[in-house]
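Peer 1: One structure is given below, represented as structure tokens, and several questions about it will come after.
The values are calculated or read from the model by the stated rules, or taken from the named source; none is laboratory data. As the structure is a computational prediction, the values presented were derived from the model and not from experiment. Positions of Cβ are backbone-derived with ideal geometry, glycine not excepted, and every protein chain shown enters the neighbour counts.
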Amino acid sequence: MTRKLFKFLLYLLCLAFLGVVAYAYIGPLIGSDFDAPTREIRQPVTLHAD
């Protein structure tokens with residue numbers, strides 16, 4: 001019984017991994033955007049140099 005459960009969990013893990021890999025390749029084709037939002041940030045810095 002334990003062996004069957006372990007085997008089932010291993011198959012499920014492999015299937016989940018393949019699903020994530022497939023989504024990574026197919027996602028941009030179906031409209032998912034994986035790019036991080038970018039914007040320029042300017043912040044004044046005060047240097048205390050003696």
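Peer 1: Which residues, taken from the range 1-35, are assigned to a loop (DSSP other than H, G, I, E, B) and either aliphatic (A, V, I, L, M) or in contact with a Gly (Cβ under 9 Å, 6 or more places away or on another chain) (or both)? Spell out the reasoning first.
Peer 2: Looking only at the range 1-35, we keep the residues that are assigned to a loop (DSSP other than H, G, I, E, B), and these are 1, 31-35.
Selection gives 1, 33, 34.
Peer 1: On the given criteria, is residue 19 on the phi > 0 side of the Ramachandran plot and not hydroxyl-bearing (Ser, Thr, Tyr)?
Peer 2: Against the criterion (on the phi > 0 side of the Ramachandran plot and not hydroxyl-bearing (Ser, Thr, Tyr)), residue 19 does not qualify.
Peer 1: OK, next. Could you check the range 1-35 and list, in sequence order, the residues that are surrounded by 10 or more Cβ atoms within 10 Å (Cβ to Cβ) and either touching a Pro at 6+ places or on another chain (Cβ under 9 Å) or of a type in the set (Phe, Trp, Tyr) (or both)?
Peer 2: Result: 6, 8, 11, 17, 23.
Peer 1: Is it the case that the range 36-46 has a residue that's loosely packed, with under 10 Cβ neighbours inside 10 Å, part of a helix (DSSP H, G or I), out of contact with any Gly (no Cβ under 8 Å at 6 or more places or on another chain) and not hydrophobic (A, V, I, L, M, F, W, C)?
Peer 2: Filtering the range 36-46 for residues loosely packed, with under 10 Cβ neighbours inside 10 Å gives 36-46.
Then keep just the ones that are part of a helix (DSSP H, G or I); that gives none.
No, the range 36-46 has no match at all.
Peer 1: Look at residue 19 and say whether it is at pLDDT below 90 and not polar (S, T, N, Q). Steps first, please.
Peer 2: Details: at pLDDT below 90: no; not polar (S, T, N, Q): yes.
It is false that residue 19 is at pLDDT below 90 and not polar (S, T, N, Q).
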